[in-house]
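Q: Quick one: structure below, then a few questions.
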Amino acid sequence: MTESLTGFPLPAKIDRSSLRPVLERIAQTSTKHLLEGGYLSDTESGPILPAYGQALASSSPPADFLSFVAETQASKHSVTVEGEISRMQKLLRSRLNDRVHYWSFGPLPGRASALYEHCPGLKAVCSTLGCPATLAGETSIVHVASINPVAALVASFWISHELNRAADGDAPFVFSFLTDLPIWQTLMQNHFDS
């Protein structure tokens, strides 16, 4: 599923340089859907990917692609960054056949550190992709949150893959959720600021 979404398999090595191509593919896939859905014009989309690439090279942690686009588009549309993200989320969800559900109930259930204690390599992945994730009880249910449904699907696939490798039991149920910007920012802080 991730290969059809991003066009390439997940890298075996997990560090900032190996994850940058994943972020770039998420940006390319998101841009394609935003173009096809009419949110971006060809003129607007042209400079966005190179500018995002420059931002990835200079920022730590990297900005989520939708957040990056929202900051550039908000002033053009006289809408807040949060409003721009909401507009893009609706369009991307419809383009992805609503495979990512909207979470509007506050923080995700479960301890912020539980998944990363169980599978330490996932913390860097989830942090870089901007997808905080929690175990809901046992390792059989995982909730992944993001503001970008493309990133959420990639992170969900990656988490499922890693948990399947680490256990001999049943495959986990990994659920992807979109959140609004304030909830996402709080989740990112709770999960990755340490």
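Q: Please count how many residues of the range 26-43 are free of Cβ contacts under 8 Å to residues at least 60 places away in the same chain and closer than 20 Å to residue 93 by Cβ. Outline the logic, then answer.
A: Of the range 26-43, the ones free of Cβ contacts under 8 Å to residues at least 60 places away in the same chain are 27-28, 31-32, 34-43.
Keeping just the survivors that are closer than 20 Å to residue 93 by Cβ gives 27-28, 31-32, 34-40.
The total comes to 11.
Q: I need the full set of residues from the range 167-182 which are part of a helix (DSSP H, G or I) and open to solvent by less than 30 Å² (accessible area, probe 1.4 Å), in order please.
A: Residue satisfying the conditions is 181 alone.
Q: In addition: Scan (1) more than 20 Å from residue 149 (Cβ to Cβ); (2) surrounded by 12 or more Cβ atoms within 10 Å (Cβ to Cβ) for the single condition residue 64 breaks and write down its number.
A: It fails just one condition, (1).
Q: Please enumerate the residues belonging to the range 80-105 that are among the hydroxyl-bearing types (Ser, Thr, Tyr) and more than 15 Å from the chain's Cα centre (by Cα). Walk me through how you get there before you give the answer.
A: Going residue by residue through the range 80-105, those that are among the hydroxyl-bearing types (Ser, Thr, Tyr) are 80, 86, 94, 102, 104.
Passing the criteria: 80, 94, 104.
Rundown of residues vs (1) open to solvent by 60 Å² or more (accessible area, probe 1.4 Å); (2) assigned to a loop (DSSP other than H, G, I, E, B); (3) on the phi < 0 side of the Ramachandran plot; (4) of a type in the set (A, V, I, L, M, F, W, C), yes/no style:
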position: 112; (1), (2), (3), (4): no, yes, yes, yes
position: 122; (1), (2), (3), (4): no, no, yes, yes
position: 127; (1), (2), (3), (4): no, no, yes, no
position: 134; (1), (2), (3), (4): no, no, yes, no
position: 144; (1), (2), (3), (4): no, no, yes, yes
position: 157; (1), (2), (3), (4): yes, no, yes, yes
position: 165; (1), (2), (3), (4): yes, no, yes, no
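Q: Residue by residue through the range 33-60, note down the ones that are charged (D, E, K, R) and loosely packed, with under 10 Cβ neighbours inside 10 Å.
A: 42
Q: I'd like the full set of residues that are hydrophobic (A, V, I, L, M, F, W, C) and part of a loop (DSSP other than H, G, I, E, B), limited to the range 86-110.
A: Correct list: 96, 100, 103, 105, 108.
The values are calculated or read from the model by the stated rules, or taken from the named source; none is laboratory data. Computed from a predicted model, the values in this text were never measured in an experiment. All Cβ positions, even for glycine, are placed from backbone atoms using ideal geometry, and neighbour counts span all protein chains on display. These area figures cover heavy atoms from the full protein model, side chains too; ligands, DNA and RNA do not enter into them. Shrake-Rupley method; radii C 1.70, N 1.55, O 1.52, S 1.80 Å.
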